[in-house]
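The values are calculated or read from the model by the stated rules, or taken from the named source; none is laboratory data. The structure displayed is predicted, hence computed values, not measured ones. Using ideal geometry, Cβ is built from the backbone for each residue, glycine included, and neighbour counts are taken over all protein chains shown. Note: accessible area is taken over every heavy atom of the protein model, side chains too, but ligands, DNA and RNA are not part of it. Shrake-Rupley method; radii C 1.70, N 1.55, O 1.52, S 1.80 Å.
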Amino acid sequence: MEIRQLRYLVAVVEEAGFTRAAERLHVAQPGVSAQIRQLERELGQPLLDRSGRTVRPTEAGEALLPYARAALAAVDGMRRTADEFTGLLRGRVTVGLFSAAATHDLDVVSVLAGFHEDHPHVEITLTEDVSDRMVAALQHGELDVAVIGLTGEEPPPGVDLRIVVDEPLVAAVPPGDPLAGRASVALAALGERTLISLPRGTGLRAVLDRACA
């Protein structure tokens, strides 16, 4: 059993096909197929169901996937540790941002630029989404870190939170409105008004929906 065979297996499952997996791995598709068949012969079990339009793991393949991913993570960890001892940090970090994250209060651009200057061999990938989906992506390991809008609820299992910006929720009204100029406004005072807010799934909308409920 070779590490590359495990890497090929995980890629085929995640891409649901040999062709896309080969493109992701930058290898020839026949080579991927041959290595996985060799792994199946060694283990004595079919790991992939190739009968449909998309490739799916068999029951045995599904059971073995966590071990394959753990082995790959261990190998990558060994490489990172060795690089750190030589002063060369390598790897990849995926950062999620909500649409208003890059503000003057949270200078994401400068933070990422400084990190890249200190660690030029670390690949940084940025993605933008609503907070709910980014929390789910963190739980599934698709994101390493995310800047999200908090809803005030307890963080889900496996997610650690740190507050970097704390801003009040305000109501914007036109000049001359009876509420204009007030230091604070009760939520009930907005009850008969049509409100414009961010879509569901954002932290701000979740705070507003919960407060109204």
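Reported count of residues in region 36-56, each being buried (at least 17 other Cβ atoms within 10 Å of the Cβ) and in contact with a strand residue (DSSP E or B) (Cβ under 7 Å, 6 or more places away or on another chain), is 4. For region 160-213, the set of residues classified as basic (K, R) and within 30 Å of D144 (Cβ to Cβ) consists of R162, R200, R205, R210, listed by residue number.
Would you check if S33 is polar (S, T, N, Q) and open to solvent by 70 Å² or more (accessible area, probe 1.4 Å)? So S33 does not fit the description; no.
Does region 7-24 hold any residues that are closer than 17 Å to L43 by Cα and touching a Lys or Arg at 6+ places or on another chain (Cβ under 8 Å), and which are they? Spell out the reasoning first.
Residues of region 7-24 that are closer than 17 Å to L43 by Cα, as a first pass: 7-10.
Hit for region 7-24 is V10, nothing else.
Conditions (1) at pLDDT below 90; (2) surrounded by 13 or more Cβ atoms within 10 Å (Cβ to Cβ); (3) in contact with a Phe, Trp or Tyr (Cβ under 6 Å, 6 or more places away or on another chain); (4) of a type in the set (D, E), marked per residue:
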{"residue": "V13", "(1), (2), (3), (4)": "no, yes, no, no"}
{"residue": "A28", "(1), (2), (3), (4)": "yes, no, no, no"}
{"residue": "T58", "(1), (2), (3), (4)": "no, yes, no, no"}
{"residue": "A63", "(1), (2), (3), (4)": "no, no, no, no"}
{"residue": "A74", "(1), (2), (3), (4)": "no, no, no, no"}
{"residue": "D83", "(1), (2), (3), (4)": "yes, yes, no, yes"}
{"residue": "G91", "(1), (2), (3), (4)": "yes, yes, no, no"}
{"residue": "A102", "(1), (2), (3), (4)": "yes, yes, no, no"}
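Looking only at region 127-147, residues that are among the aliphatic types (A, V, I, L, M), touching a Gly at 6+ places or on another chain (Cβ under 6 Å), at pLDDT 85 or above and not in a helix (DSSP H, G or I) come to 2 in all.
Across region 195-210, the number of residues qualifying as modelled with pLDDT of 85 or more and loosely packed, with under 11 Cβ neighbours inside 10 Å comes to 2.
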